[in-house]
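Notes follow the structure.
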Amino acid sequence: MHQKPSCPFCELPTQRVMARNAHGVVIRDAFPVSPGHTLIIPHRHIGSFFELTLPERENLLQLLDQARAELQRSNPVPDGFNVGINDGPAAGQTVPHLHIHLIPRYAGDMADPRGGVRWVIADKAAYW
């Protein structure tokens, strides 16, 4: 990975890497919000999804597909997924190295999951 000083995603121990390709890696989130919470991280140290080159985007999306397929072979099998990117401090990004969250969801993990990612701004989530 192209290293940036003190970036946890530039200094990943090899044993955490579950999959890789030319432009990225897959790891489990160190602070998962659900079992199987996974991160897809580019090798290149960039902060924003919008800084990715087309080949980087394609490779990261291939890793996203691979990670989902792996989770669908797990027990229990997820009933759904949230895919998210916190892009910038105002969006809640705390590690300034782009990473895509793949969050498995399980029936009953929330009383009412409607609204999904809209809950990042709770007052706007229940739009129905």
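The values are calculated or read from the model by the stated rules, or taken from the named source; none is laboratory data. Keep in mind that this is a model prediction, so the values were computed, not measured. We place every Cβ from the backbone using ideal geometry, glycine too, and count neighbours over all the protein chains shown. Heavy atoms of the whole protein, side chains included, go into the accessibility calculation; ligands, DNA and RNA do not. Shrake-Rupley method; radii C 1.70, N 1.55, O 1.52, S 1.80 Å.
Taking a virtual spin label 7 Å from the Cα of CYS7 along the C-beta vector, which residues in segment 32-58 bring their backbone nitrogen under 19 Å of it? Within reach of a label on CYS7, which here means backbone N under 19 Å from a point 7 Å along Cα→Cβ, segment 32-58 contributes 39-58.
Report in % the part of the accessible area of the chain that belongs to carbon and sulfur, leaving out ligands and nucleic acids; probe 1.4 Å. Whole-percent figure for carbon plus sulfur exposure: 57.
The residues of the chain have, on average, 61 Å² of accessible surface per residue, using a 1.4 Å probe with all protein chains present.
Rounded to the nearest 20, the Cβ-based charge dipole of the chain about its Cα centre (Lys and Arg +1, Asp and Glu -1) stands at 100 debye.
Measuring nothing but how far apart in sequence close Cα pairs (under 8 Å, 6+ apart) lie, relative to its length, the chain scores a relative contact order of 24 percent. Scattering from segment 1-63 was approximated by placing one identical point on each alpha carbon and applying the Debye formula without solvent; log10 I(q)/I(0) at 0.17, 0.22, 0.24 1/Å stands at -0.58, -0.95, -1.10.
A Förster distance of 25 Å, applied to the separation of the beta-carbon atoms of ASP112 and VAL83, puts the FRET efficiency at 0.80.
Only residues of segment 81-114 count here: report those whose backbone N is under 16 Å from the spot 7 Å along Cα→Cβ of ALA122, or say none. Backbone N within reach: 110-114. Sorted from longest to shortest, the spans of the Cα atoms of segment 25-89 along the three principal axes equal 35, 25, 17 Å. Taking the C-alpha atoms only, the angle from helix 54-71 to the longest principal axis of the chain is near 50 degrees.
Per the Debye formula on identical point scatterers at the alpha carbon atoms of the chain, with no solvent, log10 I(q)/I(0) at q = 0.09, 0.14, 0.17 Å⁻¹ is -0.27, -0.65, -0.93.
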